[in-house]
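The values are calculated or read from the model by the stated rules, or taken from the named source; none is laboratory data. Model, not experiment: these values are computed from the prediction. All Cβ positions, even for glycine, are placed from backbone atoms using ideal geometry, and neighbour counts span all protein chains on display.
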Amino acid sequence: MKVLVVGPGAREHALVLALSRDPAVTYLTCAPGNAGTVEVAEVLPLDAMNPAAVASLARHYDLVVVGPEAPLVAGVADAVREVGVPVFGPSAAAAQLEGSKTFAKDVMAAAGVPTAASDSCTTADEAVQALGRRVAPYVVKADGLAAGKGVLVTSDRIDAENFARDALSTVGARVVIEDFLDGPEVSLFALTDGTTVVPLLPAQDHKRVGDDDTGPNTGGMGAYAPLPWLPSGTVEHVLTSVLQPVVAEMATRGTPFSGLLYAGLAMTSRGPQVVEFNCRFGDPETQVVLALLDTPLAGLLLACANGTLAAEPPLVWRPGAAVTVVVAAENYPGTPAAGDEVVVGDLPEGVTVLHAGTRLSEDGAVLTSGGRVLSVTATGSSLAEARTRAYEGVAAVHLRGGFSRSDIAAKAARGEISVPTQVEGA
Ligand code: GLY
């Protein structure tokens, strides 16, 4: 099977690495890829945001996997389907689950899915009023794609109002103001062909830039899987109360969702509630989830594309745990430094360096070209072992001004995360 992975980041590097382990894959291309994907796949230049360009390249493949959300929202998967090539990724209409917070809230209301009460506001005055009806912490979400920077959670009402004003003038025509959901967050990915839904291992992301969840939100500074603190039965509960109803609702609307449905959840005292949906694999959670997946990946993704997921055998997972730690460029998530050389020394056993914002110079040096530069991913027999190895890997990375959080998976490894007691009848 010839597979094309579309996208430039660490998620795509993780995807090509997993696909390269699948004996059914005979040829693998990543476009546009980065300085790391070139080690496992052919790398071709491609404007991933151009549906016609992706469809033209897709004709040479048996399966196309679209990584990031922006091309999906722009209709890249539709263009590939139109030329008759199986594609893993939702249509533009279905990708609105991520592309519009208001749309996602509407689908959840119709499907009876638990989520925070919210107001969708089209003017700054409406947003100010919606904030006035709430208590801190305030949650403001831009209603459009904002590369991981479209959400503000703050106790400062003025900051919340200013964020809403900025979002209305720069991101989209609406902002969503919603109640704060307390409790630890979970990223649960599910494969779906539009009917059948197969959840993957739950993971947890660390979204704030600084240790102890301080500083601004980022695309994600690290992740781990599985979650030792998650009550047993949670994944099955989310499957029946969230994932299956949403997939069924999308089909009823005539816009079936196939590909990867990512539920961002808060484990609240009222049970799991949806914080957001994404229409693609998460980054950096994919790095840890795929590191633990033993089932060959290409057949699964093809089954999603072809509507045959129900015929696939149950997934097989490797024992143990995985941790990934992002190495970011100086000044991320502001305007990150670019063009610095990155050198990776000897890595300990069980550690893989996945590239994100990197490119090769003409003389073959690896240079930074984005905020999140590398995702140092390790597996181990326990979370503590995977964490130790991941940080040994980080120590082997040399990058001027580069930095990481030092506490990825730390609380989970120490057994310090707990889920609020479920309120009776909630
Ligand atoms: N890790 C957050 C995201 O992929 O959106």
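Going by the conditions given, is ALA321 at pLDDT 95 or above and under 19 Å from PRO184 (Cβ atoms)? When the stated conditions are applied, ALA321 passes them. Among the residues of the stretch 326-348, is there at least one that is closer than 21 Å to PRO226 by Cβ, away from the ligand (no atom under 16 Å from the Cβ), buried (at least 16 other Cβ atoms within 10 Å of the Cβ) and in contact (Cβ under 8 Å) with a residue 12 or more places away in the chain? Checked the stretch 326-348: no residue is closer than 21 Å to PRO226 by Cβ, away from the ligand (no atom under 16 Å from the Cβ), buried (at least 16 other Cβ atoms within 10 Å of the Cβ) and in contact (Cβ under 8 Å) with a residue 12 or more places away in the chain. Which one is farthest from the chain's Cα centre (by Cα) among residues in the stretch 1-44 that are part of a loop (DSSP other than H, G, I, E, B) and within 16 Å of the ligand (Cβ to nearest atom)? Selected residue: PRO8.
Contact annotation: residue pairs with Cβ atoms under 9 Å, 6 or more positions apart or on different chains, pairing a residue in the stretch 246-264 that is at negative phi with a partner that is of a type in the set (Val, Ile, Thr) and surrounded by fewer than 18 Cβ atoms within 10 Å (Cβ to Cβ), are VAL247/THR195; ALA248/THR195; ALA251/THR195; PRO256/THR195; SER258/THR195.
Yes/no matrix, rows are residues, columns are (1) surrounded by fewer than 24 Cβ atoms within 10 Å (Cβ to Cβ); (2) small (Gly, Ala, Ser); (3) in contact (Cβ under 8 Å) with a residue 60 or more places away in the chain:
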{"position": "GLU12", "(1), (2), (3)": "no, no, no"}
{"position": "LEU17", "(1), (2), (3)": "yes, no, yes"}
{"position": "ASN34", "(1), (2), (3)": "no, no, yes"}
{"position": "ALA48", "(1), (2), (3)": "yes, yes, no"}
{"position": "VAL64", "(1), (2), (3)": "no, no, yes"}
{"position": "GLY67", "(1), (2), (3)": "no, yes, yes"}
{"position": "VAL76", "(1), (2), (3)": "no, no, yes"}
{"position": "THR102", "(1), (2), (3)": "yes, no, yes"}
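In the stretch 235-287, what residues are among the β-branched types (Val, Ile, Thr) and over 12 Å from LEU188 (Cα atoms)? Listed by number, the residues that qualify are THR240, VAL246, VAL247, THR252, THR255, THR268.
Within the stretch 283-308, the set of residues being acidic (Asp, Glu), outside any helix (DSSP H, G or I) and either surrounded by 24 or more Cβ atoms within 10 Å (Cβ to Cβ) or within 16 Å of the ligand (Cβ to nearest atom) (or both) comprises just one member, ASP283. Looking for something closer than 30 Å to GLY233 by Cα, charged (D, E, K, R) and within 25 Å of the chain's Cα centre (by Cα) - is there at least one such residue anywhere in the stretch 376-388? Yes; the residues of the stretch 376-388 include at least one that is closer than 30 Å to GLY233 by Cα, charged (D, E, K, R) and within 25 Å of the chain's Cα centre (by Cα). Just one of the listed residues (PRO272, PRO199, PRO231) is within 25 Å of SER381 (Cβ to Cβ) and out of contact with any Asp or Glu (no Cβ under 9 Å at 6 or more places or on another chain), and it is PRO231. So which residues in the stretch 182-218 are in contact with a Ser or Thr (Cβ under 7 Å, 6 or more places away or on another chain), more than 16 Å from the ligand (Cβ to nearest atom) and not in a strand (DSSP E or B)? ASP182, GLY183, ASP193, GLY194, ASP211, listed by residue number.
Can you find even one residue in the stretch 182-195 that is free of Cβ contacts under 8 Å to residues at least 60 places away in the same chain and in contact with a Gly (Cβ under 8 Å, 6 or more places away or on another chain)?
no
Screening TYR391 against (1) buried (at least 22 other Cβ atoms within 10 Å of the Cβ); (2) assigned to a helix (DSSP H, G or I); (3) not β-branched (Val, Ile, Thr) leaves a single unmet condition, (1).
The condition of being modelled with pLDDT of 90 or more and over 17 Å from the mean Cα position of the chain (by Cα) holds for only one of VAL186, VAL171, VAL175, VAL198, that being VAL175.
Only one of ALA136, ALA130, ALA95 is among the hydrophobic types (A, V, I, L, M, F, W, C), at pLDDT 95 or above and either within 16 Å of the ligand (Cβ to nearest atom) or over 24 Å from the mean Cα position of the chain (by Cα) (or both). Can you tell me which?
On the way: ALA136 fails: at pLDDT 95 or above; ALA130 fails: at pLDDT 95 or above.
Result: ALA95 is the single residue among ALA136, ALA130, ALA95 that is among the hydrophobic types (A, V, I, L, M, F, W, C), at pLDDT 95 or above and either within 16 Å of the ligand (Cβ to nearest atom) or over 24 Å from the mean Cα position of the chain (by Cα) (or both).
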